[in-house]
Amino acid sequence: MSQTVLILGATGRLGRHAAAAFSSAGWHVRVFNRHTDTLETAVYDVDVIVNAWNPAYPDWVAQMPRLHSAVIRAARLVNATVIVPGNVYVYGSEAPAPWSADTPHLATNPLGRNRQSMERAYRDSGVRTILLRGGDFIDTQESGNWFDKIMTAKLNRGRLVYPGATDIPHAWAYLPDMARAAVALAEMRDKLSDFEDIPFPGYTLTGVEIAKHLSDITGQNVGLSPFNWRAIRLAVPFWKLARHLLEMRYLWNKPHSLDAARFDTLLPDFEPTPVAQALASAIGHASQVQINPDQPVSARVGAFM
């Protein structure tokens, strides 16, 4: 029997990949249209809602509570499971890594507290929720994230612009893999707890390691350049986003990774995309990377434990 998923934010980063992954798995995919749909009508006969709506940082305080409250109400109408893409903002700079569902949420900054409130709303709602928590995104096309907007903007000149200490492990989520994981978890939702906090381990990489991979992929020596944070500080008075970028700067200098234990228990056969292939697709060099399907690949690239 075909299952139906409603994708909220299907033109966005994770939403786009989720729509493709659910479709490939044989689900009926319903895409929410902000101009013509209402949540109350769009959720009719829906089994799972993927809530990939994510306003810009400056709009979080004003929009996030309302958006997520509406999704919770809609899910209750049809007893649907909600899949929420989580991030690492809730932990804060003092939380010990690796980060898991048991790690205390110690963030005291505004964006971190906002995410804490959002997650608490789902946990307390009684709506079956799968919070799939990932690190920074690696996409397959330019989508305005750190990796394509800043870090690889000067790659054609042989430079990787890095926002922090280049030897610090940092958590990354390759979006096609994260979307496949969302499908797999959706298909076993009846076996899960009402609220599941599942870290998506993805890749844990330093700036040095990313530069080495990109050198191998492109065939050129990719060097590392520091990101100009001074320009961001100077922009604070007239650019709303600037202060939020500064607020989250600590993540580039805080060694962290996402604990794989729960994910591996639930999805022991999940095969992540090799990191070289993921990075190659992100910079449009996928055709130049030769992957041997018979060669074993570590699922935890550069894991920081």
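The values are calculated or read from the model by the stated rules, or taken from the named source; none is laboratory data. Just so you know, these numbers come straight off a predicted model, no measurement behind them. With ideal geometry, Cβ positions are generated from the backbone for all residues, glycine too; neighbour counts draw on all protein chains shown.
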Problem set entry | Top-ranked residue in the stretch 59-99 [being assigned to a helix (DSSP H, G or I) and β-branched (Val, Ile, Thr); ranked as nearest to Leu111 (Cα to Cα)] | Val61
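Confirm whether Ser23 is more than 21 Å from Gly134 (Cα to Cα), touching a residue at least 12 places away in the same chain (Cβ under 8 Å) and surrounded by fewer than 20 Cβ atoms within 10 Å (Cβ to Cβ).
Numbers: more than 21 Å from Gly134 (Cα to Cα): yes; touching a residue at least 12 places away in the same chain (Cβ under 8 Å): no; surrounded by fewer than 20 Cβ atoms within 10 Å (Cβ to Cβ): yes.
So Ser23 fails the test.
Here's the yes/no breakdown for (1) in a strand (DSSP E or B); (2) surrounded by 18 or more Cβ atoms within 10 Å (Cβ to Cβ); (3) in contact with a Lys or Arg (Cβ under 8 Å, 6 or more places away or on another chain):
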residue	(1), (2), (3)
Asp167	no, no, no
Asp197	yes, yes, yes
Pro201	no, yes, yes
Phe238	no, no, no
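Filter the stretch 193-216 for residues that are within 30 Å of Val127 (Cβ to Cβ) and among the aromatic types (Phe, Trp, Tyr) and give the result.
So in the stretch 193-216, the residues within 30 Å of Val127 (Cβ to Cβ) come out as 193-202.
Scanning the stretch 193-216 gives Phe195, Phe200.
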Problem set entry | Answer residue from the stretch 71-119, given it is surrounded by fewer than 16 Cβ atoms within 10 Å (Cβ to Cβ) and closer than 21 Å to Phe263 by Cα and is modelled with the lowest pLDDT among those | Pro96
For this session: Could you tell me whether Asp216 is charged (D, E, K, R) and over 20 Å from Leu14 (Cα atoms)?
Result: yes
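Looking at Val50, Val71, Val88, which one is of a type outside the set (Ser, Thr, Tyr) and over 19 Å from Asp124 (Cα atoms)?
On the way: Val50 fails: over 19 Å from Asp124 (Cα atoms); Val71 fails: over 19 Å from Asp124 (Cα atoms).
Of the residues listed, the single one that is of a type outside the set (Ser, Thr, Tyr) and over 19 Å from Asp124 (Cα atoms) is Val88.
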For this session: Tell me, yes or no, whether the stretch 49-58 has at least one residue that is touching a residue at least 24 places away in the same chain (Cβ under 8 Å) and either assigned to a helix (DSSP H, G or I) or closer than 17 Å to Ala171 by Cα (or both).
Result: yes
For this session: Mind counting the residues in the stretch 143-168 that are without any contact (Cβ under 8 Å) to a residue 24 or more places away in the chain and under 15 Å from the mean Cα position of the chain (by Cα)?
Result: 2
Exercise. Would the stretch 176-194 turn up any residue that is under 22 Å from Tyr57 (Cβ atoms) and surrounded by 20 or more Cβ atoms within 10 Å (Cβ to Cβ)?
Worked result: yes
For this session: Please work out which one of (1) touching a strand residue (DSSP E or B) at 6+ places or on another chain (Cβ under 6 Å); (2) over 30 Å from Ile283 (Cα atoms) is the condition Asn79 fails and give its number.
Result: (1)
For this session: Determine whether the stretch 97-106 contains at least one residue that is touching a residue at least 12 places away in the same chain (Cβ under 8 Å) and among the charged types (D, E, K, R).
Result: no
For this session: Output yes when any residue across the stretch 250-259 is closer than 18 Å to Arg113 by Cβ, in contact (Cβ under 8 Å) with a residue 24 or more places away in the chain and not basic (Lys, Arg), and no when none is.
Result: yes
Exercise. What are the pairs, 6+ residues apart or on separate chains, where a residue within the stretch 269-282 that is assigned to a loop (DSSP other than H, G, I, E, B) has its Cβ under 6 Å from a residue that is crowded, with 21+ Cβ neighbours inside 10 Å and at pLDDT 95 or above?
Worked result: Pro272/Asp177; Thr273/Tyr174; Thr273/Asp177
Problem set entry | The lone exception for Pro293 - which of (1) over 21 Å from Lys212 (Cα atoms); (2) modelled with pLDDT of 95 or more it fails | (2)
For this session: Find the residue count for the stretch 82-96, including only residues that are in contact with a strand residue (DSSP E or B) (Cβ under 7 Å, 6 or more places away or on another chain) and in contact (Cβ under 8 Å) with a residue 60 or more places away in the chain.
Result: 5
Seminar exercise, completed: Flagged pairs (Cβ under 6 angstrom, 6 or more apart or on separate chains; first in the stretch 199-223, under 29 Å from Asn87 (Cα atoms); second surrounded by 23 or more Cβ atoms within 10 Å (Cβ to Cβ) and of a type in the set (D, E, K, R)) are Pro199/Arg133
